[in-house]
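Just below is one structure, and these are the notes that go with it.
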Amino acid sequence: MLVLGLLLMAGAAAFAGLLIADNLSGGPDYTVSLLGSEPFTISTLGAFLGGIALTLIFGLGMWMLLAGTVLARHRGKKRRRERETARQATAERDALAGRLEGAGSSTDTAADETAGQRRPAAHRPQWLRPHSHH
């Protein structure tokens, strides 16, 4: 949407600029010169209405550009909120896993601790292993 709006604005501005530059010597009815060719003859009213049409096209392009920028900014804020919620959930999960691991170590590994060893993480039950994915 941003690119399309920018293209509409640029196209309308370039077309209007070429028309003005190539037709500075106009009269009540004159032949329009555009890029070395003369596609049509236009009256003063036709030139006025053409200017209004080009202004509307330019305004539409400007509106699309601004709407696309606002939409992109809104999506970025939403993604940041989702990432922050995921980080908080991960931290809470890790804290709970740590508490469960601490509670389980007093009963499950009592025999291992008397021998001077703790069970490595690979030998713990799956639900007690710390998760590293995010």
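General observations
- Filtering the stretch 90-120 to residues that are of a type outside the set (Gly, Ala, Ser), surrounded by 10 or more Cβ atoms within 10 Å (Cβ to Cβ) and modelled with pLDDT under 65 leaves Asp108, Thr109, Asp112, Glu113, Gln117, Arg118, Arg119.
- Top-ranked residue of the stretch 36-72 - restricted to ones that are assigned to a strand (DSSP E or B) and either within 20 Å of the chain's Cα centre (by Cα) or not polar (S, T, N, Q) (or both), ranked as surrounded by the most Cβ atoms within 10 Å (Cβ to Cβ): Ile42
- Some residue of the stretch 73-89 being at pLDDT below 85, more than 20 Å from the chain's Cα centre (by Cα) and open to solvent by less than 90 Å² (accessible area, probe 1.4 Å): no
The values are calculated or read from the model by the stated rules, or taken from the named source; none is laboratory data. Everything numeric in this text was worked out from a predicted model, so none of it was measured. All Cβ positions, even for glycine, are placed from backbone atoms using ideal geometry, and neighbour counts span all protein chains on display. With ligands, DNA and RNA removed, areas are computed over all heavy atoms of the protein, side chains included. Shrake-Rupley method; radii C 1.70, N 1.55, O 1.52, S 1.80 Å.
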